[in-house]
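Structure record follows, encoded as structure tokens.
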Amino acid sequence: MSPEQLAQRRRIVDAARALAAKRPWAEITLVEIAAEAGMSMAELRAAGIGAKSQIVAAMLREIDEKVLAQVKGPTAGQPARDTLFEVIMSRFDAMMPHKAAIKSISDAGITDTTLVMPFLNSQRWMLAAAGIDADGPGGLLRTAGLGAAYRSAFNIWISDDDPGMAKTMAALDQRLRRGERTMSAIDGTLGGITRVARDLPGVLREVFNRRRAEQSEPKTEPPA
């Protein structure tokens, strides 16, 4: 994406948030967003925006970038759960200036399936920022698990009026601890499956060789 397109995306996102902070997201149209951004519909399309869900996805990416620019990564000796806790709380901090708009968007009950991947990508980036493996089957489960924990904490945050976000922190800590126990059990299961998958070719080869050897042995006639 060119610098000009990126600048246009930022204008569109800012315009959408400004409108959403004042009105229900469900009532806002692309025409109104384009007008707020000082752009024509043709320019909106040229920026790659054809649906409000694409604007929400751009909002998610913007928050991702802010979080990744702020976090310093895992600290030696710090539990992964604590690092992840700090990463997610930094995300809530980054969203705080736009809380009214985010609440409007959340209240709209977005069900567009095109937002599933941007949401999960955000979870993967948070795991990566905390130094937690997000690749392979285990990574997929961690990503889905973090998505559930994050969503639960988000639902608290959206109505948490305490500047210190005490309720949000308590809910997030509880969900991450629960998720850590679940993932520990899953990792053990995945480890067993991985070992079986790794050893299976050798086992099958041994069985095959033994059966071939048995079939090649000369057969003797039983005594009359």
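The values are calculated or read from the model by the stated rules, or taken from the named source; none is laboratory data. All values reported here derive from a predicted model rather than from experimental measurement. Positions of Cβ are generated from backbone atoms using ideal geometry, with glycine treated the same way; all protein chains shown enter the neighbour counts. Ligands, DNA and RNA are stripped out before the accessible areas are found, and what is left, the full protein with its side chains, is counted by its heavy atoms. Shrake-Rupley method; radii C 1.70, N 1.55, O 1.52, S 1.80 Å.
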Checklist entry - Which members of segment 114-153 meet the condition of being of a type in the set (D, E, K, R) and not in a loop (DSSP other than H, G, I, E, B)? => result Arg124, Arg142, Arg151
Checklist entry - Just wondering, is there one or more residues in segment 151-169 that are of a type outside the set (A, V, I, L, M) and at pLDDT below 60? => result no
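Only residues that are of a type in the set (Lys, Arg) and more than 13 Å from Met95 (Cα to Cα): list them for segment 47-67, please. Reasoning before the result, please.
Of the residues in segment 47-67, the ones of a type in the set (Lys, Arg) are 52, 61, 66.
If the condition is that a residue be of a type in the set (Lys, Arg) and more than 13 Å from Met95 (Cα to Cα), then Lys52 is the only one that fits.
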Checklist entry - Taking interchain pairs and intrachain pairs at least six residues apart, which have beta carbon atoms under 7 angstrom, with the first residue in segment 140-169 and closer than 15 Å to Met96 by Cβ and the second acidic (Asp, Glu)? => result Lys167/Asp160; Thr168/Asp160
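Specify the residue that is modelled with the lowest pLDDT; the eligible residues are those in segment 76-132 that are hydroxyl-bearing (Ser, Thr, Tyr) and closer than 22 Å to Ala57 by Cβ. Spell out the reasoning first.
Of the residues in segment 76-132, the ones hydroxyl-bearing (Ser, Thr, Tyr) are 83, 90, 104, 106, 111, 113-114, 122.
Retained after the next criterion (residues that are closer than 22 Å to Ala57 by Cβ): 90, 104, 106, 111, 113-114, 122.
Details: Ser90: 95, Ser104: 96, Ser106: 93, Thr111: 73, Thr113: 86, Thr114: 88, Ser122: 96.
This residue is Thr111.
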Checklist entry - Considering segment 157-170 alone, what residues qualify as being under 20 Å from Leu120 (Cα atoms) and buried (at least 17 other Cβ atoms within 10 Å of the Cβ)? => result Trp157
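Of all helices (runs of 4 or more DSSP H) completely enclosed by segment 12-111, which ones contain at least 2 residues that are in contact with a Pro (Cβ under 8 Å, 6 or more places away or on another chain), open to solvent by 20 Å² or more (accessible area, probe 1.4 Å) and without any contact (Cβ under 8 Å) to a residue 60 or more places away in the chain?
Values: elements: 30-36, 41-46, 52-70, 80-95, 99-107.
It comes to none.
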